[in-house]
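Chemist: Encoded as structure tokens, here's the structure I'll be asking about.
The values are calculated or read from the model by the stated rules, or taken from the named source; none is laboratory data. These figures come from a predicted structure and were not determined experimentally. Note that we place each Cβ from the backbone using ideal geometry, even for glycine, and neighbour counts take in every protein chain shown. Each accessible area value is taken on the protein alone, full model and side chains, heavy atoms only, with ligands, DNA and RNA left out. Shrake-Rupley method; radii C 1.70, N 1.55, O 1.52, S 1.80 Å.
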Amino acid sequence: MATALHRSKNIWILTPFVGSLVFIILYVIAALLYPGGSGADKTAIGYSWTDNYWCNLLSEKAINGQNNIGRPVAITAMFALGLSLLTFWIMFPALTQLKKYHRFLIQVSGTVCMLASFLLLTRIDHDLAVNTSSVFGLIAMSGTLIALYQLKWPPEQHSPAGKWLFAIGLFDILLVALNNYLYHSNQMTHLPVVQKITFLFFFIWFSFISITLYQRSKPTIIFSKSDQ
């Protein structure tokens with residue numbers, strides 16, 4: 001009886017990266033199915049990448065009054081995004097071995113952020129859902145950014161992720177602040193475009209961190225036995 005050892009890394013670490021890709025694909029499909037209408041033109045046909053918001057895809061009725069047949073796809077995308085980001089907020093503090101209070105802050109605020117975002121699927125006030133999600137999201141992101149700075153993580157200076165992770169994260173926080181400023185000051189002209197740019201840079205940041213975590217993770221050992 002011989003025992004063989006097979007080493008493999010935990011593929012679940014890549015969940016935020018894979019989830020981001022799934023979200024983007026489903027976002028595009030939901031947009032293609034969206035009947036039409038936006039704040040700029042209620043009679044417009046189809047989804048406008050410069051005038052429509054992500055929230056428009058989650059509505060039962062399109063702005064032009066037609067049934068939004070893309071809503072189920074958008075809801076699926078929402079769950080894919082929620083699962084991937086929830087995994088990130090729980091996983092990152094644990095794998096980087098942050099101090100207990102720091103880990104707790106990121107995990108709790110990140111979880112509340114994602115749960116609050118699902119309120120967009122209910123009849124609860126839209127502003128309440130957005131504001132709650134934004135506040136706790138900023139707390140989780142700030143905690144992650146502080147962790148990246150304190151840990152000098154990842155330590156390899158030649159790593160592209162090591163050079164850009166902190167800068168991209170800081171830029172993401174500024175984008176969130178800009179989104180909220182435009183929204184609450186009722187400057188809606190450029191907000192749909194800013195929202196999509198924010199999504200893109202968030203996904204780049206989460207994906208880079210997830211991939212780097214995966215590359216640096218220690219392989220697990222799986223025992224298997226074979227008869228001789």
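Chemist: Taking only the range 98-145 into account, find how many residues are among the β-branched types (Val, Ile, Thr), at pLDDT below 90 and either surrounded by 14 or more Cβ atoms within 10 Å (Cβ to Cβ) or in a helix (DSSP H, G or I) (or both).
Modeler: Residues meeting the conditions: 1.
Chemist: Does Thr87 qualify as being among the β-branched types (Val, Ile, Thr), closer than 27 Å to Leu148 by Cα and either modelled with pLDDT under 90 or assigned to a helix (DSSP H, G or I) (or both)?
Modeler: For Thr87, the condition - among the β-branched types (Val, Ile, Thr), closer than 27 Å to Leu148 by Cα and either modelled with pLDDT under 90 or assigned to a helix (DSSP H, G or I) (or both) - is met.
Chemist: Suppose we filter Ala62, Ala77 for residues that are modelled with pLDDT of 90 or more and either among the β-branched types (Val, Ile, Thr) or under 16 Å from Phe203 (Cα atoms) (or both); which single one remains?
Modeler: Only one candidate passes the filter, namely Ala77.
Chemist: I'd like to know if the range 191-205 contains one or more residues that are modelled with pLDDT under 85 and surrounded by fewer than 16 Cβ atoms within 10 Å (Cβ to Cβ).
Modeler: No, because not a single residue in the range 191-205 is modelled with pLDDT under 85 and surrounded by fewer than 16 Cβ atoms within 10 Å (Cβ to Cβ).
Chemist: In the range 11-47, how many residues are at positive phi and under 14 Å from the mean Cα position of the chain (by Cα)?
Modeler: Number of matching residues: 0.
Chemist: Also: Which pairs do you get when a residue that is within 16 Å of Asp51 (Cβ to Cβ), found in the range 180-193, comes within reach of a residue that is among the aromatic types (Phe, Trp, Tyr) and open to solvent by 40 Å² or more (accessible area, probe 1.4 Å), reach meaning Cβ atoms under 7 angstrom, with the pair 6+ apart or on two chains?
Modeler: From residues that are within 16 Å of Asp51 (Cβ to Cβ), the pairs are Leu191/Tyr183; Pro192/Tyr53.
Chemist: Check Tyr101 against each of (1) of a type in the set (Phe, Trp, Tyr); (2) more than 15 Å from Gly143 (Cβ to Cβ); (3) more than 20 Å from the chain's Cα centre (by Cα) and name the one condition it does not meet.
Modeler: All conditions are met except number (2).
Chemist: If I filter the range 13-38 down to residues being in contact with a strand residue (DSSP E or B) (Cβ under 9 Å, 6 or more places away or on another chain) and not in a loop (DSSP other than H, G, I, E, B), which single residue comes out as surrounded by the fewest Cβ atoms within 10 Å (Cβ to Cβ)?
Modeler: Among those that are in contact with a strand residue (DSSP E or B) (Cβ under 9 Å, 6 or more places away or on another chain) and not in a loop (DSSP other than H, G, I, E, B), it is Leu32.
Chemist: Could you please find all residues in the range 39-80 being touching a residue at least 60 places away in the same chain (Cβ under 8 Å) and either surrounded by 17 or more Cβ atoms within 10 Å (Cβ to Cβ) or assigned to a loop (DSSP other than H, G, I, E, B) (or both)?
Modeler: Gly39, Ser48, Trp49, Thr50, Asp51, Asn52, Tyr53, Trp54, Leu58, Ala80
Chemist: Still on this structure, I have one more. Does the range 206-219 hold any residues that are surrounded by fewer than 16 Cβ atoms within 10 Å (Cβ to Cβ) and over 10 Å from Pro16 (Cβ atoms), and which are they?
Modeler: Hits for the range 206-219 are Gln215, Ser217, Lys218, Pro219.
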